[in-house]
Amino acid sequence: MTGRLESSPLHVLGAHLLAGLLWVTPAAGLDPSPAELPALSRGELSLGAYQQGLALSRRGDHLAALPCFAKALALCPYWPLPYLEIAVAHMMTDNDRERIGGYLARAIRVGKDNPRAHLLYGIHLQESNEGARAVQEFTEALSLRPSLVDARLRLAALYLEGGQQEEGIREFDAVLRQLPDNIGAHRSLSLLLERAGRLAEAEAHLLSIVRLQPGNAFHLSNLGQFYQRLGWNQKAAAAFARAERLEAKEKRKMRPLRSSRAVRH
């Protein structure tokens, strides 16, 4: 679950250097001091343990990956990535909410500029019914990496739940600029626009859903209900009629075949 940027060897080495945990090659003609050599060893060992843990987690063996990430963390305690992977491993195994939250909070303390740390901590807070704090984390994740669609979708959903229409419209609109075929974002944005009285825009998003999935009677029924709420009865009747035709067609497809009669000789 680690992004390319965070898990790349160059980024890993850079993280160690910033934390002061890797020894840098001295100038030509100078030998490293004895105190510097263990630091080099710690950095290499931490990186190796982390990569071993990643290999195990990518195979789905999250339980075996845990001690690898713990070793990497013990060797380099100011490196945020092992904290993140330990939290993920717990998500995938025992789902220990206290440990997950603790490791994610520490990942943010030592890696404030890591967008994935803020995203995962935001998800944890959202699932813990701490919506206001989750909004802060998703907002911070997006400030660091605006392309994080998952953070934007979750932020938009929290605005929708909290009745913050304008903020929700803004975020769902941004999602659709990145993912124009996202059915959920079209539906949610249509609902918010209807509440705001922007009916033509709300209708346009429902029509987009129908165009994206023309064989889905459910979407046509939703469109008909929208027209019905507004008193646009002619449009409502047309949408419901199309939905009924699609449902009838689907039922005909699913009708079991009659057993063939035995041929008499």
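The values are calculated or read from the model by the stated rules, or taken from the named source; none is laboratory data. What you see is a predicted model; the values in this text were computed from it and never measured. Every residue, glycine as well, gets a Cβ built from its backbone with ideal geometry; the counts of neighbours run over all protein chains shown.
Is there a residue in region 111-121 that is among the small types (Gly, Ala, Ser) and buried (at least 24 other Cβ atoms within 10 Å of the Cβ)?
yes
Out of Arg97, Arg106, Arg145, which single residue is closer than 16 Å to Ala174 by Cα and either surrounded by 15 or more Cβ atoms within 10 Å (Cβ to Cβ) or out of contact with any Phe, Trp or Tyr (no Cβ under 9 Å at 6 or more places or on another chain) (or both)?
Arg145
Output the number of the condition that Arg116 fails; it satisfies all remaining conditions of (1) among the charged types (D, E, K, R); (2) closer than 17 Å to Leu56 by Cβ; (3) touching a residue at least 60 places away in the same chain (Cβ under 8 Å).
In the conditions (1) among the charged types (D, E, K, R); (2) closer than 17 Å to Leu56 by Cβ; (3) touching a residue at least 60 places away in the same chain (Cβ under 8 Å), Arg116 misses (2) alone.
Sort out which residues of region 45-62 are outside any helix (DSSP H, G or I) and small (Gly, Ala, Ser), and write them in order of number.
Gly60
Would you mind finding the one in Ala157, Ala141 that is within 17 Å of the chain's Cα centre (by Cα), modelled with pLDDT of 95 or more, among the aliphatic types (A, V, I, L, M) and part of a helix (DSSP H, G or I)? Outline the logic, then answer.
Numbers: Ala157 fails: modelled with pLDDT of 95 or more.
After ruling out the rest, the residue left standing is Ala141.
For a quick check of your reading: which helices (runs of 4 or more DSSP H) sit entirely within region 171-253 and have at least 1 residues that are in contact with a Pro (Cβ under 8 Å, 6 or more places away or on another chain) and touching a residue at least 40 places away in the same chain (Cβ under 8 Å)?
none
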